[in-house]
Amino acid sequence: MEPNTCVEPPAAAPFDTGYPGRWKVLTVLCIGLFMLLLDGTIVNIALPSILQSFATGFSEVEWVINAYLLVFAVLLITMGRLGDMFGRRRLFVTGITLFTLASLACGMAPGIGLLISFRALQGLGGSMMMPATLSIIAHVFPSHQRGVAMGIWGGTVGIATAAGPTLGGLIVDNISFAGLFNGQSWPYIFLINVPIGILVFVLTLRVIPESRDATSSHRLDLPGVVVLSAALFCLTFALIEGQNYGWTSVTILALFAAAVVGIAAFILVERRQPEPLMQLSLFRSRNFSVANACGAALSGGMMGIFFLLPLFFQAIMGYSAVKTGLLLTPMSAAVVVASPLSGWLSDRIGSRWLIAGGMAVAAIGFLLVRPHLVLNGGVGPLILPFVISGLGIGVVSAPMTSAVMASAPITKAGAASGVLSTMRQLGSVMGIAIMGAVLQNRVVLYAQEAVAEKLAPISFIPAGARQRIVDAVGGMAGKLGEMRTDGGMSGAMPPEVKSMLSQAPQQAVDYMKNLFSADFFMGEFARAMRTTMVVAVLILAVGALLALLIRSHVQQRTAGMEEAREGGPAREAGLCLAEGAEPLAEGELLVAEAEEEAGTLEAEAAAPSRES
């Protein structure tokens with residue numbers, strides 16, 4: 001047997017035997033990661049309080065979430081590259097500083113506009129922190145301990161996801177002071193980050209060593225970042241504000257057109273960039289394209305639901321934040337339980353059926369939730385559907401990552417995982433925007449139809465006045481915060497109607513007050529929620545069907561193992577068998593790939609969030 005010629009593996013991380021204080025480093029990184037991920041789930045629980053505190057509309061609270069996600073998604077890959085160039089600890093310290101200061105500013109924001117702006121700054125800080133955590137771990141841990149370290153990192157992600165709703169509810173319901181923030185509790189979901197951020201800042205400077213990739217290019221795809229940001233902002237703004245401006249208005253139509261042109265321009269820019277923001281060539285692989293589409297669909301359906309349910313339970317049902325958090329915890333816990341099992345199964349049966357089955361199960365679970373979104377519903381019937389949905393979501397994540405990584409060359413592993421993470425974040429933005437747009441549209445339509453039906457038999461109100469009342473209802477139906485603050489929508493009545501009511505019999509006055517009561521419109525809002533849930537189910541169902549197009553990476557891996565045993569073209573995967581080496585056992589090829597990938601610092605640095 002002749003010796004095989006092999007491609008030289010990439011250089012190992014600087015600390016071949018491990019950095020002496022590596023476990024302290026991991027602890028600090030996990031504390032920062034926990035704070036970063038906890039912030040997202042806590043904010044969802046606090047949205048109804050924010051909505052009522054500022055007496056604002058539905059579209060404004062959408063921006064509280066999407067301003068963060070949009071900035072985070074677009075800058076994730078670029079920040080990973082900046083860490084390679086200028087230092088990962090420096091980037092992490094800068095990120096934690098900005099995130100902490102932005103959290104302080106969010107907690108003290110006097111208006112919804114400033115809160116949205118500070119959330120965007122939080123997203124910028126988060127985009128610096130996330131990729132730095134993984135690349136620092138790869139730098140300080142030797143190859144034989146990286147799996148354990150990454151497992152702890154992933155466990156932190158799961159704990160933050162599961163603990164967020166309950167912890168957020170405890171803060172919103174129990175922490176408030178009469179002399180601060182007008183007795184409001186929602187600012188503390190942001191202010192809790194300040195002492196944690198200061199602690200992580202100090203510990204980072206003390207225990208985390210600096211590292212950078214000397215081979216990393218100093219080229220940044222700034223044109224790609226600018227064009228993609230502009231296109232996504234136009235699309236997101238049009239979806240969120242379409243109901244307020246009018247879906248056929250010049251402004252909204254122009255924004256949709258600008259988004260289409262911007263996305264086309266982004267593709268052209270990326271094709272001409274020597275080191276693009278997104279490696280579009282990866283999308284030539286069917287598995288890569290389909291798995292990323294599934295990732296966007298999963299995040300879109302899931303985050304849209306996670307955004308809407310706290311609003312429904314608190315603003316419509318009147319549940320406390322703690323009760324809402326506890327009600328959502330079984331879903332988060334099911335995700336944490338199912339994820340490790342799905343990773344184990346993916347290595348044995350492939351990703352196709354796990355992704356398709358998981359998304360189908362999640363869709364069925366949310367479909368079972370839908371009938372119980374009524375004003376007189378209880379919490380008991382929701383528990384099982386939530387667990388079913390959580391199990392379905394948990395089954396998808398690991399196989400989806402496996403499908404993406406198995407479809408990309410090892411030399412582009414970092415770019416592949418970076419694209420997946422970005423696509424999932426963008427899916428979250430689009431899911432919240434689309435489902436929010438559907439909800440706003442249905443609330444207005446259903447409320448107008450219900451009011452017109454109730455006004456029809458009232459003879460003392462002229463037809464013109466009736467239409468003005470219906471139009472006023474359309475303008476006010478999305479102002480959920482004002483409804484709860486004012487106890488109804490009496491402010492929507494035109495002055496001439498109020499004048500007529502002042503001279504009408506008391507029975508007519510009572511009828512009109514009941515017509516414009518908060519409960520009446522909450523019922524229509526609940527009806528709109530049930531319709532919007534169908535959108536989430538459809539998104540997940542489309543993802544399940546797309547997943548059927550994925551080829552099994554287990555079969556591909558088995559073929560590669562056979563070639564490796566025979567000394568064949570295993571070099572195409574960047575691996576080889578030494579002369580006289582024992583044949584590779586099942587699964588060893590993937591282990592070797594993982595270790596080689598871990599040694600490639602640039603790839604690790606650009607892999608921001610495989611498990612989140």
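The values are calculated or read from the model by the stated rules, or taken from the named source; none is laboratory data. Here the structure is a predicted model, which is why all the values come from computation and not from measurement. No Cβ is skipped: glycine too gets one built from the backbone with ideal geometry, and neighbour counts run over all protein chains shown. When the accessible area is computed, the model is the full protein with side chains, heavy atoms only, and any ligands, DNA or RNA have been set aside. Shrake-Rupley method; radii C 1.70, N 1.55, O 1.52, S 1.80 Å.
Here are some notes:
- Just so you know, in the stretch 50-63 the residues that are surrounded by fewer than 24 Cβ atoms within 10 Å (Cβ to Cβ) and of a type outside the set (Phe, Trp, Tyr) include one that is modelled with the highest pLDDT, and it is Ile50.
- Only listed residue being part of a helix (DSSP H, G or I), over 23 Å from Ala293 (Cα atoms) and under 20 Å from the mean Cα position of the chain (by Cα), chosen from Val444, Val387, Val451, Val396: Val387
- Positions within the stretch 80-104 being open to solvent by less than 30 Å² (accessible area, probe 1.4 Å) and free of Cβ contacts under 8 Å to residues at least 60 places away in the same chain, in sequence order: Leu91, Gly95, Ala102
- Beta carbons closer than 7 Å, at least 6 apart along the sequence or on distinct chains, never pair a first residue in the stretch 141-163 that is within 23 Å of Pro20 (Cβ to Cβ) and open to solvent by less than 20 Å² (accessible area, probe 1.4 Å) with a second that is basic (Lys, Arg) and outside any helix (DSSP H, G or I).
- Answer from Ala67, Ala46 - the residue that is surrounded by 24 or more Cβ atoms within 10 Å (Cβ to Cβ) and either hydroxyl-bearing (Ser, Thr, Tyr) or modelled with pLDDT of 80 or more (or both): Ala46
- Scanning the stretch 233-288 for residues that are more than 30 Å from Ala356 (Cα to Cα) and of a type in the set (Ser, Thr, Tyr) gives Tyr245, Thr248, Ser249, Thr251.
- Unmet criterion (only one of (1) of a type in the set (A, V, I, L, M, F, W, C); (2) free of Cβ contacts under 8 Å to residues at least 12 places away in the same chain; (3) part of a helix (DSSP H, G or I)) for Ile198: (2)
Rundown of residues vs (1) within 24 Å of Pro340 (Cβ to Cβ); (2) open to solvent by less than 30 Å² (accessible area, probe 1.4 Å), yes/no style:
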| site | (1), (2) |
| --- | --- |
| Leu373 | no, yes |
| Pro381 | no, no |
| Met400 | yes, yes |
| Gln425 | yes, no |
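- Taking the conditions (1) surrounded by 15 or more Cβ atoms within 10 Å (Cβ to Cβ); (2) more than 30 Å from Gly164 (Cα to Cα); (3) of a type in the set (A, V, I, L, M) in turn, Ala254 satisfies each one other than (1).
- Per this entry, Gly325 is not counted among residues that are open to solvent by less than 10 Å² (accessible area, probe 1.4 Å), of a type in the set (Gly, Ala, Ser) and without any contact (Cβ under 8 Å) to a residue 40 or more places away in the chain.
- One residue from Pro276, Pro209 being of a type outside the set (D, E, K, R), touching a Gly at 6+ places or on another chain (Cβ under 9 Å), under 30 Å from Arg22 (Cα atoms) and outside any helix (DSSP H, G or I): Pro209
- Which listed residue is in contact with a helix residue (DSSP H, G or I) (Cβ under 7 Å, 6 or more places away or on another chain), of a type in the set (Phe, Trp, Tyr) and either surrounded by 21 or more Cβ atoms within 10 Å (Cβ to Cβ) or farther than 30 Å from Arg219 by Cβ (or both), from Phe266, Phe283: Phe266
- Screening Gln273 on (1) without any contact (Cβ under 8 Å) to a residue 40 or more places away in the chain; (2) open to solvent by 30 Å² or more (accessible area, probe 1.4 Å) shows it passes everything except condition (1).
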